[in-house]
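A.B. asks: Below: one structure in structure tokens.
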Amino acid sequence: MYDTLQNLDRRWIFLLMGLAVAVPILFQLEFPETPTSLAQATFDEIESLRPGDRVLMAWDYDPASEGELGPMATSFARHCCEKRLRLYFIALWPVGQQMIDNTIEKVIRPDFPEMVYGEDYVNLGFKKGEEGVIKVIVTDLPNLYPTDARGTGLNQIPMCRDLESIQQMKLIVNVSAGYPGTKEWVQYATTPYPNTRIVAGCTGVQAPLFYPYIPEQLPGMLGAIKGAAEYEALVNAKYSPAGAVPAKYLEAKRRMGPQLVAHLLMIGLIITGNVLYFVGRRRAG
Amino acid sequence: MQMQESRGKQIWLALGTLALAWIVYRSATIGAGSAYVQNLDGEVVSATPTEAMLGVAEFSQLNTLGLWVAAFFTLAAFSFMYRDNPIYKFAESIIVGVSAAYWMVIGFWSTIVPNLLGKLDPAWIQTWAMPGLVPVREDFWWTYIVPLVLGVMLLWRLSPRGGWIGRWPLALVIGSFAGMRLVAFLHADFMSQISNSIQPLIERDEGEGTIDWPESVRNTLGILSMLACLVYFFFSVPHRGAVGKISQVGIWVLMITFGAAFGYTVMGRIALLAIRLEFLFDDWLWLIDPLGRRAGIS
């Protein structure tokens, strides 16, 4: 047994992990979510805004991290629409533009048809330049964005006519997959201009890097799919109290099923590995 | 050994053939792997099979092809877990090539056209690229000649002669970028972090005036952990005696931090695997229907 495990081909581990993720998906296992203080803080930041307040929706991610960040983007957009906020979508990642389109197609068009493009939401699109873009638009937005993503001049868009900079935003909602992302928004937008507040949803890889910013520089953060599931539960509890929640607003919760089983496997493997190590050391000794 | 390898190949071939036959069967009988579109206010958007069944959407050859290509590349990427192989190499090369081309095209249309050519000659750009652009030059439009010249100098690197010309704009980019980042890091990560670390060790509940124990313990632990980590990185004093013990605590704090970061990374990677499997099971093979897109079909 010891020798078999010691020389186990790593592909068996891959197979086990594949099954640990695939089986809960096939059987659609779900578990309840209890929101933590960070998810609550994120929810409260948006909840404290008033109808008509301006919110910058910075979608800095791409299809590679859609599985982790897509549910956050959906919940953020839904929450802001329910609050009747004015949404300014922007992307610092080339494919972020398509992620914005996805959010509009998934949330705004079917569930908030009364929201009018150019009056309630606008897609400013992608702009190359990473943190350089933030550095400019924090004081002069029309300089870098003469038009929206459709090529319409900002002066022809009602909600953009008096828009000078992102300091006019009540809140920045950032969904971040890496560079440029939340770190750059904190460094170039909210730290130098403390009146500009930000909440973020980020990948698991990034989350530990942002904890030092909480709460002064980053009042709210959703870390990975777990944060998304907690926030999703809060939004659903507030805006779908009757319980009939559309499936698209339960994506994060659904994706927590594979997480639980895969993490149990991971813990089991770590314990097994350690036991093998100590047994091996004793045998050698 | 050779015989064992050949047997392994035969098993994989048999399994692959069976899987393929099953996929073709599902596709032929219930339409698995089909994609549909509908026209909404003059815009063609994705539709569900149920909408197609109700007659408001139609079968899309192009989207279906895209779906199968995506499934193929997903499986090609997964195949690396078994061993390196030509199919994986092919998928890898395609992704690198497509990404580079995509970046180039996006860079041209989102930066060079609106932010350079659009500033130098807005009337011309308005006629063929950006109808929404105001066709009037800004007061200091000629300053954009500087980035134009620098851009041309940068591309000089591709020339067989005078490659050194490209170093000048590169120096400017590196210098300005380093300066910009230095200020940002000093402000947001150095000064602000010092400020954020100054916390009261004993926190009082504002309403009742009693000690808020959880918050007090959190603050105290945070400050002590930070000091222990700083001592670990303080190499001017030998790590012996009290300093050595505190630095040991610092190592433990660092290890816990790395462990938490690893845990988060694992969660992220599992989420990525989950979404790919969900794509295969839902969009491609129609084995599950979590969003109810095929209600009344399979």
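A.B. asks: Being in contact with a helix residue (DSSP H, G or I) (Cβ under 6 Å, 6 or more places away or on another chain), within 17 Å of A:Glu68 (Cβ to Cβ) and either in a loop (DSSP other than H, G, I, E, B) or not basic (Lys, Arg) (or both) is the filter here; which residues of the range B:267-289 pass it?
C.D. replies: B:Met267, B:Gly268, B:Ile270, B:Ala271, B:Leu272, B:Leu273, B:Ala274, B:Ile275, B:Leu277, B:Glu278
A.B. asks: For the range B:9-44, which positions are more than 14 Å from chain A (Cβ to nearest Cβ), touching a residue at least 12 places away in the same chain (Cβ under 8 Å) and either in a strand (DSSP E or B) or more than 18 Å from B:Phe72 (Cβ to Cβ) (or both)?
C.D. replies: Across the range B:9-44, the qualifying residues are B:Ile30, B:Gly31, B:Tyr36.
A.B. asks: Residues being within 14 Å of B:Gly118 (Cα to Cα) and out of contact with any Gly (no Cβ under 6 Å at 6 or more places or on another chain): count how many of those fall in the range A:130-147.
C.D. replies: 5
A.B. asks: Given the conditions (1) surrounded by 17 or more Cβ atoms within 10 Å (Cβ to Cβ); (2) closer than 29 Å to A:Pro212 by Cα; (3) at pLDDT below 95, report the number of the one that A:Trp59 does not fulfil.
C.D. replies: (3)
A.B. asks: Does B:Arg204 satisfy the condition of being within 14 Å of another protein chain (Cβ to nearest Cβ), among the basic types (Lys, Arg) and either in contact (Cβ under 8 Å) with a residue 12 or more places away in the chain or under 26 Å from A:Ile214 (Cα atoms) (or both)?
C.D. replies: In short, no.
A.B. asks: Same structure again: Among the numbered conditions (1) in a helix (DSSP H, G or I); (2) in the same structural domain as A:Leu163 (by TED's automatic domain parsing); (3) surrounded by 19 or more Cβ atoms within 10 Å (Cβ to Cβ), tell me where A:Asp44 comes up short.
C.D. replies: (3)
A.B. asks: Would you call A:Val279 surrounded by fewer than 21 Cβ atoms within 10 Å (Cβ to Cβ) and β-branched (Val, Ile, Thr)?
C.D. replies: Yes.
A.B. asks: Regarding B:Ala123, is this residue surrounded by 13 or more Cβ atoms within 10 Å (Cβ to Cβ), touching a residue at least 12 places away in the same chain (Cβ under 8 Å) and either more than 10 Å from every other protein chain (Cβ to nearest Cβ) or not small (Gly, Ala, Ser) (or both)?
C.D. replies: no
A.B. asks: Would you check which residues across the range A:228-255 are of a type outside the set (D, E, K, R), surrounded by 24 or more Cβ atoms within 10 Å (Cβ to Cβ) and out of contact with any Ser or Thr (no Cβ under 8 Å at 6 or more places or on another chain) and list them?
C.D. replies: A:Ala229
A.B. asks: Also: Anything in the range B:186-224 that is surrounded by 13 or more Cβ atoms within 10 Å (Cβ to Cβ), under 32 Å from the mean Cα position of the chain (by Cα) and within 24 Å of B:Val253 (Cα to Cα)? List them, or say none.
C.D. replies: Once the filter is applied, which keeps residues that are surrounded by 13 or more Cβ atoms within 10 Å (Cβ to Cβ), under 32 Å from the mean Cα position of the chain (by Cα) and within 24 Å of B:Val253 (Cα to Cα), the range B:186-224 yields B:Ala188, B:Asp189, B:Ser192, B:Gln193, B:Asn196, B:Ser197, B:Gly222.
A.B. asks: Additional query: Restricting attention to the range A:207-245, report how many residues are more than 17 Å from A:Leu38 (Cβ to Cβ) and free of Cβ contacts under 8 Å to residues at least 12 places away in the same chain.
C.D. replies: The number of residues fulfilling the criteria is 6.
A.B. asks: If I ask for residues that are facing chain A (nearest Cβ under 8 Å), more than 22 Å from A:Thr203 (Cα to Cα) and at pLDDT 90 or above, which ones from the range B:251-298 would you list?
C.D. replies: Hits for the range B:251-298 are B:Phe281, B:Leu287, B:Ile288.
A.B. asks: Taking the condition of being touching a Pro at 6+ places or on another chain (Cβ under 6 Å) and within 15 Å of A:Leu92 (Cα to Cα), how many residues in the range B:105-130 meet it?
C.D. replies: Going through the range B:105-130 one residue at a time, the tally reaches 1.
A.B. asks: Of the residues that sit in the range A:186-235 and are in a helix (DSSP H, G or I), more than 7 Å from chain B (Cβ to nearest Cβ) and more than 17 Å from A:Ile46 (Cα to Cα), which one is farthest from the chain's Cα centre (by Cα)?
C.D. replies: This residue is A:Ala189.
A.B. asks: If you check every pair at least six apart or on different chains, which have Cβ atoms under 8 Å apart with a residue in the range A:3-23 that is facing chain B (nearest Cβ under 10 Å) first and a residue that is outside any loop (DSSP other than H, G, I, E, B) and among the basic types (Lys, Arg) second?
C.D. replies: Taking only residues 6 or more apart or on different chains, not a single pair turns up.
The values are calculated or read from the model by the stated rules, or taken from the named source; none is laboratory data. The model shown is predicted, which means the values in this text are computed figures rather than measured ones. When we count neighbours, we look across all protein chains shown, and the Cβ atoms used for this are built from the backbone with ideal geometry, even at glycine.
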